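Scroll down for the structure; my scribbles are underneath it.
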Amino acid sequence: MGLEASLGDNVLTTTLDKMINWARKSSLWPMPFGTACCAIEMMATLSGRFDMARFGAEAVRFSPRQSDLLIVSGRISIKMMPVLKKIYDQMPDPKWVISMGACASSGGVFNTYTLVQGVDQFIPVDVYVPGCPPRPEDLIYGFMKIQEKIQRENPTQVVAEVGA
Amino acid sequence: MAEESAEAIETEPAEEAPEEIGDPAARALKDRFPDEVLEVSETRGETTVVCAKSRIRDILTLLKDEPRLSFDRLSDVSAVDYTSYPGHEPDTPRFNVVYNLYSHPNNQRLRLRAQVTEDACTIPSVTSIHRGAEWAEREVFDMFGIRFDGHPDLRRILMPLNFEHYPLRKDYPVRGMGERDVIAPEDPGFLGNPYAGEEEEVDDPLGSERMVLNLGPQHPATHGTLRLTLELDGERIVRCIPDIGYLHTGFEKLGEHHTYNQYVTVTDRMNYLSPLCNNIAYSMSVERLMDLEVPERALYIRTILWELSRIADHMVWLGTHALDIGAFTVFLYTFEQRERCYNIFELVTGARLTTSYTRIGGLGWDVPDNFREVVLDFVAQFPAAVEEVERLLTRNRIWIDRTKDIGVISAEDAINWNMSGPMLRGSGVEYDIRKQEPFLVYPDLDFDVPVGKHGDTYDRYLVRMEELRQSQRIIEQALDKLPDGPVKVGDAKVILPEKGEVDFGMESLIHHFKVLMDGHGLTPELGEAYVPTESPNGELGFYVVSDGTGYAYRMRVRSPSFMNYQAYPQMVNGHMISDAIAVLGSVNVIAGELDR
Amino acid sequence: MDYALESLIKIAIVLGVIITTVAYVVLAERKVSAYIQNRLGPNRVGPWGLLQPLADGLKFILKEDVIPNHVNKAIYLIAPAAILVPALMGFAVVPFGDTLMVVGREVQLIISDADIGVLYILAVSSLGVYGVVLGGWASNNKYALMGGVRASAQMISYELSLGLSLIGVLMIAESLKLSDVVNLQATGTVLGVLPAWFVFNQPIACLVFMVSVFAETNRLPFDLPEAEQELVAGYHAEYSSMKFAMFFMAEYAHMITASALIATLFFGGWHLPGVDPTDSSFALSVLKVLVFAVKTAFFLFVFIWVRWTVPRFRYDQVMRLGWKYLLPLALLNVLLTGLYLTLNR
């Protein structure tokens, strides 16, 4: 409490916030959890025409420990959900999650016995990208929404609170 | 006791034996197994033999070994739960296990249905005759709870091991019984360990330790959701157990709860590399069920789109296959071509990937005016792109070293394992459904079927590369011959009338209502139909059973990935991990189609 | 004292330059691969994406540092340093220019012109394998372990060819000092027209050395220890945040040292044909440093170019290439060089 009060919202912390946020949003390395159709569109997003690399986000890391952004793209069955949960847990903070497409967000057209009706029941989701599957432009838009969200965060404030 | 009474019931319908059996195979069966063969029907060009389950092994052995018949490929095993089928009596057997056979020498198909009662829910396994039945039988067990006696490895295949129900039984609700809401992610057993309870000592004179490596389901080379449990001696694979079902979506169950036209939308999402092929293959099965004659223009457009889909599909296969072996750049080159295919699909269907373009009885709408130019533009620049990739790979020393003599499967094994498509042709079997059992307008078009010699990964690569060129030939010819005319059948009872007519014409309005009303419009007669097609991966077909309503009674998808993938352990045993990845790429498993 | 100060300044400058170069080689790799693949590559972060490395670095520093429970903690923590330090140390004996007059002092543009320069390089490069193996082993993860095992086998095998390929050069140079090797290349010609670079009079050695260096740096087609499609991330699969970044940097630092070595040993180092090697005016000295930088950059480009063009070898194929082709080739080279020298005595 004391630390937070002493730090407050001054020029130093806000500038630092800005810098940290800028670094984080400019270097979002994705962990692609691609299962179905959306994964194909995610590949398209990474390929030449749309090129996620422009945002510095083509450095796909398949080891969750080295990634910042989990893109859940595709349907998640009840057999797969524990795996997804584990991968989410293995990612180091700070981490963000995009739920790409209708199936990951809500089960989509598959209201069946085996599909999880929205991964947000089990892991937190930052941005939902609608579509079945979303076009690559949609995914890029969702990605930029994550960047906006990061830009609004106050990392120094969090440190101060934790420290107190 | 229960067994005996079931037998007694089963023999009853045999009394009303059919007068004349045209199909030689069915006739031979009737002669040799008069007590077991209960019913023979020949409708819509398909022969179905209903039989008792007790001697199913003998029946399949006869069908396979008799030179005159030689049904050497068991193309599919599935089942139907007849509980709520019209005319089903409580005391008749509840299940039918359906065997779909194909004879390569005679180019003939035969369907067998063996009756299984609920009380004695077992049937002899036929894996000793057709190894390719292994996974299909496991799936039937998983989905219906029918046990297969003598099956080498009868475990659940698609659902988690601790799942308690049989989802495709009619009494199981499509939305489940709450399993999807109360998953306990911390339950380690849920992941299903194929080695659970199996701590056997490995006989190893050198005393070297073996390592069990779990590959997947989230692994860069599995492109989605495959899981392999590898037992390794150093880098060499001693044993490989694939675990699938991580993308099981319930397609077959959904088919029973969607009207025929609604289900087109769902089929898009099965093989997401070539959704149009799914649309078309599905529509063809229902059209056969309803005896619909699709106009020629629609057939030509379907053919062009089918081959474009093959190109788009092979492009992803090629890209990911190369990516798996380390050539990342190829992946991006091929995706560029795929984007060009997307342009055409988007132009025609309005969507890049989930096209939903066909309707039962034709197409949703006609192609736009500039379709011809756009497709011609694409085929004009396409050969250069293929050549570019070939320059990077085909004679590249590393590529050849990595793929030659890797994952070899002989022609005989390939048939026995029920492979199809480029996998089968890579082994030297010249079987292409477009030639052998022609559909769409393939008989009118001139193209070659490339076959390999050695059945290794390199040959499969060459076969697919040649198919790309042949597809281009087919597209060019079909565009030249593309006739004018309607793209849907004229039958107003089946096809929705044009929107403009509905707004101003009484009759059209009535038809519009009727087509959409339950129990009217698209309501095929009782019966079943299966149309095999040559999808980019192999034999794709929808086995549809109708109960006379607007919904399918049973929707079985015979998907090529599921059948092709089961021989994978045999193909990689003794190889190294890197080879396993290379072979996986050449099988081109599409998880959506694999797990359905 | 002066010598110590001079060395310290040189070390600081060289380290600074290498670390910065590492950052920009990463960016260059992303950019070059993008151009090879008809893409744009990073271009949003700063002008032409030039601030991308800064953002990546800052992000890594600020990321949660996960140390899994199941690792061998001490070794797990040492491994990233154990791989990055040798990668940087190699540069100590590489002459990045001739001499430069600074405030009236003639400064040799090399941190330490050790008499056993070549030996030192071989020794230091052998140390690099420890970081990989220890990292893979300490992670207590099967993929990491396999990456580590692959790395140890591969790097030890190729070290042999690496060392043997240099013997031919040393036989001609008759010195282990790298500045001597460069000076020799700067004088005389081969066949009257070509500069006396060792690539021209030791072509076999050059080939063997370059292939071995690719294997030593774990770059495609020899990137088996981390082969993404097979071992996910290989030996560094369990590392996160800055420790992972250190592995990442080590790979590129390795590449820079290797490129500098190729340039020095076989392509004349700072020597530019037509420029008088003995002239040590300020402008020419700077030019020599630039020539060296350009040559190094070119080989860095080759590293990147190859990576995005060819597929990956298999483990046994890598071994076969190393032991059955490169090693005999290197031995043959020693034999041929010996014969040549004896006949021309």
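Peptide B:269-275 has a mean shielding of 4, counted as Cβ atoms of other protein chains within 10 Å of each residue's Cβ. GNM on chain C, C-alpha springs below 10 Å: top fluctuator among C:Leu284, C:Leu326, C:Leu40? Maximum fluctuation in the GNM of chain C, among the listed residues, is at C:Leu40.
For the peptides B:289-300, B:365-376, what is the packing order when you average, over each peptide's residues, the other Cβ atoms within 10 Å and list the highest mean first?
Values: B:289-300: 19.4, B:365-376: 14.3.
Taking the mean over residues of other Cβ atoms within 10 Å, the ranking is B:289-300, B:365-376.
Report, as a whole number in µm² per second, the diffusion coefficient that Stokes-Einstein gives for the range C:66-343 at 4 °C and 1.567 mPa s using the Kirkwood radius over alpha carbon pairs. Rounded to a whole number, D works out at 66 µm²/s. Each principal axis of the Cα atoms in the range B:49-107 has its own extent, and those three values, largest first, are 40, 20, 15 angstrom.
If you average over every viewing direction, what projected area does the convex hull of the Cα atoms of the range B:209-304 give, in nm²? Please report the intermediate quantities before stating the final value.
Values: hull surface 35.6 nm².
Convex hull of Cα atoms, orientation-averaged projection: 8.9 nm².
Residue by residue along A:103-110, Cβ atoms of other protein chains within 10 Å of the local Cβ number 3 on average.
For the protein assembly as shown, the direction-averaged projected area of the alpha-carbon convex hull comes to 53.4 nm². The long axis of helix C:73-89 is offset from the longest Cα principal axis of chain C by roughly 20 degrees. Counting only the Cα atoms, the range A:30-145 fills a convex hull of 85 Å³ per residue. Remark on the range B:262-414: ratio of C-alpha radius of gyration to 2.2 N^0.38 Å is 1.20. Annotation: amide H-H contacts under 5 Å for B:Val212 (H modelled 1.01 Å from N, sequence separation of 5 or more, or interchain): B:Leu232. Entry note, the range B:251-595: relative contact order of 26 percent, from Cα contacts under 8 Å with a spacing of 6+ residues. By the rule of a C-alpha distance below 29 Å, with chain neighbours fewer than 8 residues away ignored, the lysines paired with B:Lys453 are B:Lys64, B:Lys404, B:Lys435. The calculated pair-distance distribution of the range B:468-596 uses every alpha carbon pair, bins of 10 angstrom beginning at 0, and gives 10, 21, 25, 25, 12, 6, 1, 0 percent.
For the residue pairs A:Lys18/C:Lys73; C:Lys142/C:Lys243; C:Lys10/C:Lys59, alpha carbon separations beyond 23 Å are given by A:Lys18/C:Lys73; C:Lys10/C:Lys59.
Rounded to the nearest 10 degrees, the inclination of helix C:2-36 to the longest alpha-carbon principal axis of chain C is 60 degrees. A simple spin-label model places pseudo-atoms 7 Å from Cα toward Cβ; at B:Gln436 and A:Lys86 they are separated by 4.1 nm.
Calculate for the protein assembly as shown the 222 nm mean residue ellipticity that helices alone would give, adding -39,500 (n - 2.57) per DSSP H run of length 4 or more and normalising by residue count, nearest 500 deg cm²/dmol.
Values: 41 runs with 529 residues, N = 1105.
Mean residue ellipticity, 222 nm, calculated: -15000 deg cm²/dmol.
For the listed peptides B:382-393, B:555-566, C:74-85, a ranking on the average number of other beta carbons within 10 Å per residue, highest first, reads B:555-566, C:74-85, B:382-393.
From the alpha carbon gyration tensor of the range C:228-338, can you work out the equivalent ellipsoid semi-axes (sqrt of 5 times each eigenvalue) and give them in Å, largest to smallest?
After scaling each eigenvalue by five and taking roots: 33, 24, 11 Å.
The modelled label-to-label distance between B:Glu293 and C:Met319, using points 7 Å beyond Cα along the C-beta direction, is 6.8 nm. Any number yet on Rg/Rh for chain B, C-alpha, Kirkwood? Using Cα coordinates only, the ratio equals 0.96. Any chance you could check the range C:52-76 for residues losing 20 Å² or more of accessible area when the partner protein chains are in, compared with the chain on its own (1.4 Å probe)? When all protein chains are present, C:Gln52, C:Ala55, C:Asp56, C:Leu58, C:Lys59, C:Phe60, C:Leu62, C:Lys63, C:Glu64, C:Val66 each give up 20 Å² or more of accessible surface. Here B:Lys493 is the anchor, and the lysines within straight C-alpha reach of less than 23 Å, apart from those fewer than 8 places off in the same chain, are B:Lys514. Using the Cβ-Cβ distance between B:Arg473 and B:Val374 with R0 set to 22 Å, the FRET efficiency from 1/(1 + (r/R0)^6) comes to roughly 0.75. With protein chains left intact and a 1.4 Å probe, residues in the protein assembly as shown average 37 Å² of accessible area per residue.
So for the range B:251-595, what percent of the C-alpha to C-alpha distances run longer than 37 Å? Cα-Cα pairs in the range B:251-595 separated by more than 37 Å: 19 percent. Across peptide B:393-400, the average count of Cβ atoms from other chains found within 10 Å of a residue's Cβ is 3.
Counting only the backbone N, which residues of the range B:323-355 are under 20 Å from the spot 7 Å out from the Cα of B:Trp365 toward its beta-carbon? Counting only backbone N, you get B:342-355.
Annotation: amide H of C:Gln37 has no partner in the under-5 Å range at sequence separation 5 or more or interchain, hydrogens built in the peptide plane. For the pair B:Ala385 and B:Arg175, label points projected 7 Å from Cα toward Cβ lie 4.3 nm apart. So what is the diffusion coefficient of the range C:10-117 in µm² per second by Stokes-Einstein at 37 °C and 0.692 mPa s, using a Kirkwood Rh over Cα pairs? The calculation lands on 189 µm²/s. Projected onto its three principal axes, the C-alpha set of the range B:11-147 covers 38, 36, 26 Å, listed from the longest axis down. Taking amide H as placed 1.01 Å from N in the peptide plane, A:Val97 has its amide H under 5 Å from the amide H of A:Leu70, A:Asp126, A:Val127, each at least 5 places away in sequence or on another chain. Note that the range A:98-107 has calculated 3J(HN,Hα) couplings of 9, 9, 9, x, 5, 5, 5, 7, 8, x Hz, one per residue in order, obtained from phi through the Karplus relation 6.51 cos²θ - 1.76 cosθ + 1.60 (θ = phi - 60°); glycine and proline are x.
Between 0 and 90 degrees, the angle of helix C:117-138 with respect to the longest Cα principal axis of chain C falls at about 10 degrees.
Couplings 3J(HN,Hα) of the range B:78-91, computed from phi: 8, 8, 10, 9, 8, 3, 10, 6, x, x, 7, 8, x, 9 Hz, in residue order, whole Hz [Karplus 6.51 cos²θ - 1.76 cosθ + 1.60, θ = phi - 60°; x for Gly and Pro].
Couplings for the range C:269-274, taken from phi via the Karplus curve 6.51 cos²θ - 1.76 cosθ + 1.60 with θ = phi - 60°, read x, 7, 6, 10, x, x Hz in order; Gly and Pro are left as x. Take the Cβ atoms of C:Thr187 and C:Val302, set R0 to 30 Å, and the FRET efficiency comes out at 0.65.
The values are calculated or read from the model by the stated rules, or taken from the named source; none is laboratory data. Please read all numbers here as calculations on a predicted model, not as lab measurements. Backbone-built Cβ (ideal geometry, glycine too); neighbour counts: all protein chains shown. Side chains are part of the model used for accessible areas, which takes the heavy atoms of the whole protein and leaves out ligands, DNA and RNA. Shrake-Rupley method; radii C 1.70, N 1.55, O 1.52, S 1.80 Å.
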